[in-house]
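Structure record follows, encoded as structure tokens.
The values are calculated or read from the model by the stated rules, or taken from the named source; none is laboratory data. Since the model is a prediction, treat every value here as computed from it, not as a measurement. Ideal geometry is used to build each Cβ from the backbone, glycine not excepted, and the neighbour counts take in all protein chains shown.
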Amino acid sequence: MKRTDKLLAAMPENTAALLHNPSNIFYLSGYTGEGLLLVGPEMRAVITDFRYVEAAQKQCPGFAVHAIRAGVSHVQLAHELLQNAGIGRLAIEDNVITVRGMREIEKAMPGIEFIPLDFKPEKLREVKDDDELSRIERACDITCQAFEYICGFIAPGRTEREVQLALDYKMLQLGAEGLAFDTIVASGENGSLPHAVPGEREIREGDMVTIDFGARFEGYDADMTRTVAVGQPSEKMRRIYEIVLHAQETAQAAIAPGMKCSDIDKIARDIITEAGYGDCFGHSTGHGVGIDIHEEPRVSSRSQQILTPGNIVTVEPGIYVPGLGGVRIENTCVVTETGVRALCGASKELRIL
């Protein structure tokens, strides 16, 4: 069944959906330009402007491409299409549209009944098909290759920013269409910052360096974190690494269909807490990955979601000690029919550079 058919099957009869979220538009149609997507019974339409008409026609065959015209906005054109099709109910992404935007939609669409789309496209996106998995696998492969390269580049005297730029460029050289997110390179004491911004700090002998990065390939993301040592780290940091590695491997191995996300989080959190660093692990254990770098399901203590084959999630516990540094180790993984398969093949053993 096509993705648009699945979406309509989850909605009330004789109802259309108006998509604003670019990630949902891409998922349902393949279109990457600006505009809206209108999906309804016997209706598959991209609403855009002159600049994107040709691109839309190439990217999403099977969809009618409509260009706005003078005096007629995207939403007004959508209203015309709804009227022509005799559809009076419209589901909208109420998590995306602003209050002002909703007022404009209501004004442009008299006589239409509005209902929330209620994250239905995002729910469909939680389970990846074979094509999506193939793209994510390629993104992870590029990411792993770039990691092997950067391990030969990192050295005392290099700045975090230099490492970031070299890593980003290498991913593009290897075939990435872009970056999944802004690369994190955190050395020494900066490693205590989970989302550190690479700066001018020079890497020193004895530093631990945490690198969180990912390639994007054909619209889909990879997410991987490795922490390496430049020279011999302190015994304390080496011990912290061993704790995080144990937490990551144990939680990852526990992933399987039917497992609750909060239980996976608990496995990693208990190991770190029992080692005395519970207060130094303040984020969730993982998250879904796909078109967006953060998707459902969330592998957190609050998530009651049950894992199912086709879910792709990260497993990324960490320990962060202010003034000392930190360690995070992360794999992107796919839930299989019988368990889990890691999509990032780079070794997780501590590398001494």
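Taken across the range 88-101, residues that are touching a helix residue (DSSP H, G or I) at 6+ places or on another chain (Cβ under 6 Å) and on the phi < 0 side of the Ramachandran plot do not occur at all. When we screen 276, 282, 231 for residues that are farther than 23 Å from residue 140 by Cβ, modelled with pLDDT of 95 or more and under 22 Å from the mean Cα position of the chain (by Cα), the only hit is 282.
Only one of 278, 258, 325, 345 is more than 25 Å from residue 27 (Cβ to Cβ), of a type in the set (Gly, Ala, Ser) and free of Cβ contacts under 8 Å to residues at least 40 places away in the same chain. Can you tell me which? Even if it seems obvious, please write down each step before you answer.
Working: 258 fails: free of Cβ contacts under 8 Å to residues at least 40 places away in the same chain; 325 fails: free of Cβ contacts under 8 Å to residues at least 40 places away in the same chain; 345 fails: free of Cβ contacts under 8 Å to residues at least 40 places away in the same chain.
After applying the criteria, what remains is 278.
Taking the criterion of being in contact with a Ser or Thr (Cβ under 7 Å, 6 or more places away or on another chain) and part of a helix (DSSP H, G or I), the residues of the range 10-62 that qualify are 26, 28, 56, 59. Need the failing condition index for residue 146 against (1) in contact with a strand residue (DSSP E or B) (Cβ under 8 Å, 6 or more places away or on another chain); (2) over 30 Å from residue 211 (Cα atoms), just the number. Checking residue 146 against (1) in contact with a strand residue (DSSP E or B) (Cβ under 8 Å, 6 or more places away or on another chain); (2) over 30 Å from residue 211 (Cα atoms), the one that fails is (2).
Taking the range 229-248 as the range and being surrounded by fewer than 17 Cβ atoms within 10 Å (Cβ to Cβ) and part of a helix (DSSP H, G or I) as the test, the residues that pass are 235, 236, 238, 239, 242, 246.
May I ask you to say which residue of 308, 314 is at pLDDT 95 or above and either assigned to a strand (DSSP E or B) or not β-branched (Val, Ile, Thr) (or both)?
Only one candidate passes the filter, namely 314.
Restricted to the range 307-349, and to residues there that are buried (at least 23 other Cβ atoms within 10 Å of the Cβ) and of a type in the set (Gly, Ala, Ser), the residue that is nearest to residue 285 (Cα to Cα) is 318.
Residues in the range 136-148: is at least one surrounded by fewer than 18 Cβ atoms within 10 Å (Cβ to Cβ) and without any contact (Cβ under 8 Å) to a residue 24 or more places away in the chain? No, the range 136-148 has no match at all.
Evaluate the following for residue 93: is it closer than 22 Å to residue 14 by Cβ, buried (at least 17 other Cβ atoms within 10 Å of the Cβ) and touching a residue at least 60 places away in the same chain (Cβ under 8 Å)? So residue 93 passes the test. For the criterion of being under 26 Å from residue 334 (Cβ atoms), of a type outside the set (Lys, Arg) and assigned by TED's automatic domain parsing to the domain that holds residue 316, residue 185 fails.
Filtering the range 251-267 to residues that are in contact with an Asp or Glu (Cβ under 9 Å, 6 or more places away or on another chain) and either part of a helix (DSSP H, G or I) or buried (at least 18 other Cβ atoms within 10 Å of the Cβ) (or both) leaves 251, 254.
Just give me the residues in the range 183-224 being among the polar types (S, T, N, Q), crowded, with 24+ Cβ neighbours inside 10 Å and either out of contact with any Gly (no Cβ under 6 Å at 6 or more places or on another chain) or not in a strand (DSSP E or B) (or both), in sequence order. Can you show your working first?
Pass one, the range 183-224, residues among the polar types (S, T, N, Q): 183, 187, 190, 192, 210.
This time we only want the ones that are crowded, with 24+ Cβ neighbours inside 10 Å, so: 187, 210.
Selection gives 187 alone.
Can you say whether residue 197 is under 22 Å from the mean Cα position of the chain (by Cα) and modelled with pLDDT of 95 or more, as far as the supplied structure shows? It is true that residue 197 is under 22 Å from the mean Cα position of the chain (by Cα) and modelled with pLDDT of 95 or more.
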